[in-house]
1. Taking residue A:99, is it more than 14 Å from chain B (Cβ to nearest Cβ) and buried (at least 20 other Cβ atoms within 10 Å of the Cβ)?
2. Out of the residues in the stretch A:257-280 that are closer than 14 Å to residue A:219 by Cβ and of a type outside the set (A, V, I, L, M, F, W, C), which is surrounded by the most Cβ atoms within 10 Å (Cβ to Cβ)?
3. Please work out which residue is surrounded by the fewest Cβ atoms within 10 Å (Cβ to Cβ), limiting yourself to the stretch A:137-163 and to residues that are modelled with pLDDT of 90 or more and touching an Asp or Glu at 6+ places or on another chain (Cβ under 9 Å).
4. Spot the failing condition for residue B:287; the list is (1) assigned to a helix (DSSP H, G or I); (2) crowded, with 19+ Cβ neighbours inside 10 Å; (3) in contact (Cβ under 8 Å) with a residue 24 or more places away in the chain, and only one is missed.
5. Restricting to the stretch B:125-155, name every residue that is within 24 Å of residue A:272 (Cα to Cα), at pLDDT 90 or above and part of a loop (DSSP other than H, G, I, E, B).
6. For the stretch C:117-132, how many residues are assigned to a helix (DSSP H, G or I) and facing chain B (nearest Cβ under 10 Å)?
7. Search the stretch B:121-136 for residues being facing chain C (nearest Cβ under 7 Å) and hydroxyl-bearing (Ser, Thr, Tyr), and hand back the single one that is farthest from residue C:278 (Cα to Cα).
8. Please determine, by comparing only the residues of the stretch A:286-329 that are assigned to a strand (DSSP E or B) and of a type in the set (Val, Ile, Thr), which one is farthest from residue A:390 (Cα to Cα).
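The values are calculated or read from the model by the stated rules, or taken from the named source; none is laboratory data. Only a predicted model underlies this, so the values are computations on that prediction, with no experimental measurement involved. Cβ: placed from backbone, ideal geometry, glycine included. Neighbour counts: every protein chain shown.
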Amino acid sequence: MKGNLVQGLLVVLLVLGLAACRGTQEPASTAENPQPAETPATAKAAEPVSLRLWTHQNNAFNAGYEALIQAFKATHPGVDITLETFDYDTYIQTLQTAMPAGEEADILQMFGTWTAEYAERLAPMPDSVMTVEQAQQLYYAAPIGGYIINGRLYGLPQEFNCEYGGVLVNKTMYEKAGLTYPPAWKTMDDVLADGKALTQRDEAGVMTVAGFDFNASDPASFSFLAGVLQLGGDYWNADRTGFTFNTPQAKQMLQWMVDAVSKWGVLDPVLFNDTTNWVGSAFFEGRVAIGYIGTWAIAEGKNNYPDFADEWDYFFLPSMRGDPVFVADSGWGLTVSPNSKHQDVAWEFVKFAAADVDNALQFNLTSGTIPAIPEVAASPKIAETMPWVAKALQILPYGRYLGAMPDRDLVIYDILYPHILNALQGVETVDDALQAIDDEANATFE
Amino acid sequence: MSTLTVGRAKKRGGLWVSQRRFILSVTIPMILYSGVGLFTIGWALVLAFFDYSPGRAGGPILGLGGSNPFVGLKHFANMIDGVSREATQFRISLRNTLIFALAVLPLNLAITLPLAALIESVDRRLKTAFRAIYFLPVITSSVGVAMMWGYLYDPQRGLFNAVIRLFGGTPVAWLSDPRAQFLGVSVAMWAVIGAYLWQDFGYNLVIFIAALQGIPQEFKDAALIDGANPRQVFRKITIPLLRPTLLFVCVMTMLSSFQVFDIIQVMTNGNPNNQTRVLVLDIYDNAFRYQRMGWAAAVSLVLVVIVMLVTIVQMRLLRTEWEY
Amino acid sequence: MATIAAARARSRPAFDRLRCGLGHLMVYVLLIVGLSMTLMPFLWMILSSLKTATEILRVPPTFWPDNPTLANYLTILNDPKLPLLRFYGNSLFVAVTNVLITLFTSSLIGFLFAKYQFHGKRVLFGWFLLTMMIPGQMTMIPGYLILAKVGLLNSLWGLIVFSALDAFGIFLMRQFIESLPNELLDAARIDGASEWQLYWRIVLPQLGPPLATLGILTFMHNWNAYLWPMVVITKIERRTLPIILTWYNSQHSTQPNLTMAATVMIVMPILIVYFFFQRWVVRGFTMSGLKC
């Protein structure tokens, strides 16, 4: 009897397992090979093409891509494009393993600075789609720069990635604190003074509102790099074969950041940093008064916090000294896999999405990004819905290319920012932090 | 046995053939399958001596060679005195892993041993109930545990700081303050140790309860009659009889805490300032975030050597101890 | 026993009895304190999951929810980006398949090692237990590369192929099968049963308790697994529950009411299973500890 029971149990489990297997496998396979709507009449005339598009996960961006895909499908019957998204870290991992195996999607979203790393495994753009010269005429130099490798074009940018200088400002808090609004900052000390006045703490002494939060990986790193340049230094050696992070200018800049925390008290770097109370969220939760973050976070914030009631706007900071020189880092764009069976259609989509002025405008509006095309940036529609872009236009000409690093993400996110954070939190001295940055960043050349 | 001989005598040939066929049809797939396992281990060993990244094409055999060059002992030399980010992070991870394991063990025993004795002393039905509830965290997914505890530790909205505020204390940023220390170990490390202990103690607890049940009541009663008090009985009789279990538990606890990953990855991801970064997290990050698989394989080799050493020491100790 | 009881009674005046009562009280007090510390995180999770979005942001936090609501659970269930049923299906598929395979291989190989004599048996047994004692962190990287080569990344089968043999399971089964009388097998052989029939008809039906124990342990292990599934699966729709939980947390890190509700939904099924099989589970873990 007992034996029958066990066998019966095994059979039930087996059936369950198979059922679960079916349940998980079937929908997945249909998602992978989507069948275009059956239209027997046209099926023979135009062979149905289905493409996959991979992007990193960002709600505002993805909305932009969905709209582009719909528009493209409307004008290209028989073509279907599926969007697959991955979290940022997962996306990198997926690209690096899928590409050697030749399993990547037909169209790949790429960050401009990554393109050099992946160029071997990407399809160069045919001249019939666009030549390098045409591209250089169409786009700003910084964003297209990342996609030109050894004189060949590997993709088209969809945005101008500018992590430097832009801050979200909470108008409601300004008015409550009785400060001049809109802010009339002449120097960075003016910003710190406002930040100090806007900071709030509870009765236990815990900071509840950070006056000026610049402590996230992109803002901290890029304001540090820009500061070094503005103070007259450079983080590259003369022939660009190594980093020089241990310079007097770098020291001055990092010391300034540390003073902002320890002397001015505009920010508690333990409670507000990249992992806890990330500025892009904390601002829209009313816990940051001046929040240093790229424009791309605006659309995301509006999307995620529809109920945020405070009034706010986006401004650009004054420079540390002299011209607002800064480093720009290309931007997100689209590339095509050489393993795609329909490269022609894939390129058509890339051009449709990134080079058509109307579509590019639509994408920038949906994703809240700065246009990579000057003509789009000048559009009145941009000025109307995203006034901050108009403000950004004044500093964009000062943008320099970041420079080709062996591993850009490693240097920025795992070396530069962690040590800046250490200095801000007081667990490393300014000198130690810079020495460590210099050592570790130069070790990435090996 | 007698029936088997009878059977054999009758139709020896047929039986032997069918038995041998059965043995072969089970062992051959098994050997092939564990051959894959051996191949995997060999590959892991080899990787540790190459600068391998799956993103690069490399040579013809397993992508080794070419743009994934052989580097000999470079990774291991780098671990000892390299200045690169991965070298410093490895040394920090190794240190943290040792701290973690050495802190978890005594704390775990200090909780589980007395608790097991307490539970053992109560009424039988209550004992089952207590044991069942104390065991709950063990079967909870460690990711779930990390989520719960991450929120308990939340600096603004967590329960711990709420209690501290209630008594007028200063709230602590448990998982994110790199300056906060206790006994020379960062508070963030203590915080993850706390969560880990909470999840893990039930396991050792049931083992101790089972071991205590295995000690014959007559031993204790005899001692009681001789005038010993319960505490003396526990110290003089129970503990010595528990020694093999105790040793076993020590080693298992050590081994699993050397391999801690889930809770830390979810709660702190090694932050603040790498103060909770442990070896498995370091291996995972290097292999799958940075694609430095050669380096990650070298780090995992170090971890395996440590684990093996602990296991061997344990086996030696156990073998001698078992003969009480 | 009687003499001992008598001895106890004799040596115990009234004062001693009082002290003993107090001691007992202390034991219960301690046990209940420990109990509440064990249950508190669960309670806090459940209470937090019942709070409204505004209440959860209050500093300092409330303990009991002002207006307990199930809204967070509905939000999660209605989230189009979070097809929970599919993730339950993924986890169930991986766990159940692994249980079936483990039960089959462990009992079969356990049977082989328990009841058959052949050349190289000891060597085989030792060698292959050794290969399985290597910690997973070491084989994780080549394992991943193998899955990439054969195209099983992002497939649930990738979470299954490497776990077909289980050292503890084989040990457990061998131990148990050794205790079965040989006469049973021989009698069946005489009746003309093949060796496979012996396994299926004679041995397997006797293995109820150890199979149940092993099955539950394997199920829980796979259901809660985190590191390997995270490495193998990057596509959102193929993920298993623990990975989807951290993913959901990263998307809603500032809304603990939602993340705690999600945690409840992902932690609870296994606790309910545990509630029914409590005895087996605890016994299984105890065995896994006292073996080896």
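1. Judged against the criteria, residue A:99 is not a match.
2. A:269
3. Selected residue: A:138.
4. Answer for residue B:287: the failing condition is (3).
5. B:153, B:154
6. Number of matching residues: 8.
7. Per the criteria, the residue is B:121.
8. A:288
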